[in-house]
Amino acid sequence: MRQPLSDRGRNRTTGDRKGKRRTAEPRVLTTMRLRASLRRDLEATAARNRRSVADVAQELLEEALRMRECPGIYFAEEASGRTAKIGGTGLAVWEVLRDFTKDQDPERIRKAFPQLSRAQVTAALMYYKRYRDEVQSKIGANAALTPEAVEKRYPGLVRSAR
């Protein structure tokens, strides 16, 4: 489906799935021939997530390109949205690098996370170097989840052991 002439090539502010506002990069019309089965899978995923096929396809393409750039990284759905994780661990990149963003010493990271191999630490650091703003945003969002902030947003959810 073509965009209306008034929207083509223009920066727009859009809401993402979590209701946050962000400035969207202009989109370009692209036509692709897909296998029918792939189109059905995209449509089913889009319907499950109440999103457009184009949004789902774009997200999957972006993640695939990032995984090619940073071998050893995969993406998973979390409460905060799609998150870059370290293959074979279930640990998010932001969780591992939270305390090491200034000092990115692989050996110190391995001491803090002895279950990680050198390759896994390298994958996390590679992802951080390429997508620093995204990782920093996740670290910041987690730091903002103080018991007081959670209690204010969800009254009665936090019990204090005073």
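Bear in mind that the values in this text are calculations on the coordinates, not laboratory data. The model shown is predicted, which means the values in this text are computed figures rather than measured ones. When we count neighbours, we look across all protein chains shown, and the Cβ atoms used for this are built from the backbone with ideal geometry, even at glycine.
Would you confirm, using the coordinates I've provided, whether L116 is out of contact with any strand residue (DSSP E or B) (no Cβ under 9 Å at 6 or more places or on another chain) and of a type in the set (A, V, I, L, M)? In short, no. Residues in the stretch 82-110 that are free of Cβ contacts under 8 Å to residues at least 24 places away in the same chain and closer than 21 Å to L65 by Cβ: R82, K85.
Counting the residues of the stretch 112-162 that are of a type in the set (K, R) and exposed (fewer than 10 other Cβ atoms within 10 Å of the Cβ) gives 2.
The condition (being of a type in the set (F, W, Y), outside any loop (DSSP other than H, G, I, E, B) and in contact with a Gly (Cβ under 8 Å, 6 or more places away or on another chain)) is satisfied by just one residue among Y74, Y128: Y74. A residue that is more than 21 Å from R68 (Cβ to Cβ), of a type in the set (S, T, Y) and in a loop (DSSP other than H, G, I, E, B) cannot be found anywhere in the stretch 111-120.
Residues in the stretch 75-88 that are surrounded by 18 or more Cβ atoms within 10 Å (Cβ to Cβ) and over 10 Å from the mean Cα position of the chain (by Cα): I86 only.
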